[in-house]
Amino acid sequence: VQLVESGGGLVQAGTSLRLSCTASGRTPSFYTMGWFRHTPGKEREFVVGIHWDGKSTDYIDSVKGRFTISTDHTKNTIYLQMDSLKPEDTGVYYCADHVVRTAGDTWSAEYWGQGTQVTVFT
């Protein structure tokens with residue numbers, strides 16, 4: 001499985017960005033895809049996941065109501081619509097596949113994209 005992200009950039013707080021992640025070499029499955037981020041001074045964290053059927057999602061509390069994940073099966077792509085961006089959203093965002101919750105609030109993934117930088121300034 002290869003994952004290619006796009007859509008990062010430098011934006012002002014309060015504005016929006018949409019990230020895209022296109023998967024290749026992936027057979028249709030019931031696995032979850034999602035996004036993680038690595039923000040300055042913190043370890044990489046799970047942000048949001050979506051079951052490939054699109055019926056189940058998980059968001060971390062800090063992005064609920066601001067971020068929306070979606071899928072387009074025809075393009076083998078997932079999207080992350082990020083609205084009302086805050087400076088603390090700054091970081092490298094990684095698309096991931098075969099995402100699983102290992103324990104409590106700990107998540108991991110088997111496949112990773114190369115990451116796309118999101119920088120939010122005030």
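How many residues are of a type in the set (S, T, N, Q), touching a strand residue (DSSP E or B) at 6+ places or on another chain (Cβ under 6 Å) and either closer than 21 Å to Leu85 by Cβ or open to solvent by 70 Å² or more (accessible area, probe 1.4 Å) (or both) when one looks only at the range 19-75?
Initial filter on the range 19-75 (of a type in the set (S, T, N, Q)): 20, 22, 24, 27, 29, 32, 39, 56-57, 62, 68, 70-71, 74.
With touching a strand residue (DSSP E or B) at 6+ places or on another chain (Cβ under 6 Å) added as a condition, the list becomes 20, 22, 24, 32, 39, 57, 68, 70-71.
Filter again for either closer than 21 Å to Leu85 by Cβ or open to solvent by 70 Å² or more (accessible area, probe 1.4 Å) (or both), leaving 20, 39, 57, 68, 70.
Count: 5.
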Residues that are modelled with pLDDT of 95 or more and among the basic types (Lys, Arg), drawn from the range 16-43: Arg18, Arg37
Residues being farther than 15 Å from Gln117 by Cβ, in contact (Cβ under 8 Å) with a residue 60 or more places away in the chain and out of contact with any helix residue (DSSP H, G or I) (no Cβ under 9 Å at 6 or more places or on another chain) - total across the range 3-28: 7
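From the residues in the range 95-109 that are assigned to a loop (DSSP other than H, G, I, E, B) and free of Cβ contacts under 8 Å to residues at least 60 places away in the same chain, which one is nearest to the chain's Cα centre (by Cα)?
Quick first cut of the range 95-109, residues assigned to a loop (DSSP other than H, G, I, E, B) only: 104-105, 109.
Within this subset, residues satisfying the condition of being free of Cβ contacts under 8 Å to residues at least 60 places away in the same chain are 104-105.
Working: Gly104: 19, Asp105: 16 Å.
Ranking the qualifying residues of the range 95-109, first place goes to Asp105.
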Residue that is surrounded by the fewest Cβ atoms within 10 Å (Cβ to Cβ) [pool: residues in the range 9-18 that are among the hydrophobic types (A, V, I, L, M, F, W, C) and in a strand (DSSP E or B)]: Leu10
Criterion violated by Leu85 - all others in (1) at pLDDT 95 or above; (2) crowded, with 21+ Cβ neighbours inside 10 Å; (3) within 21 Å of Ala109 (Cα to Cα) satisfied: (3)
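The values are calculated or read from the model by the stated rules, or taken from the named source; none is laboratory data. Keep in mind that this is a model prediction, so the values were computed, not measured. Note: ideal-geometry Cβ built from the backbone for every residue, glycine included; neighbour counts use all protein chains shown. When the accessible area is computed, the model is the full protein with side chains, heavy atoms only, and any ligands, DNA or RNA have been set aside. Shrake-Rupley method; radii C 1.70, N 1.55, O 1.52, S 1.80 Å.
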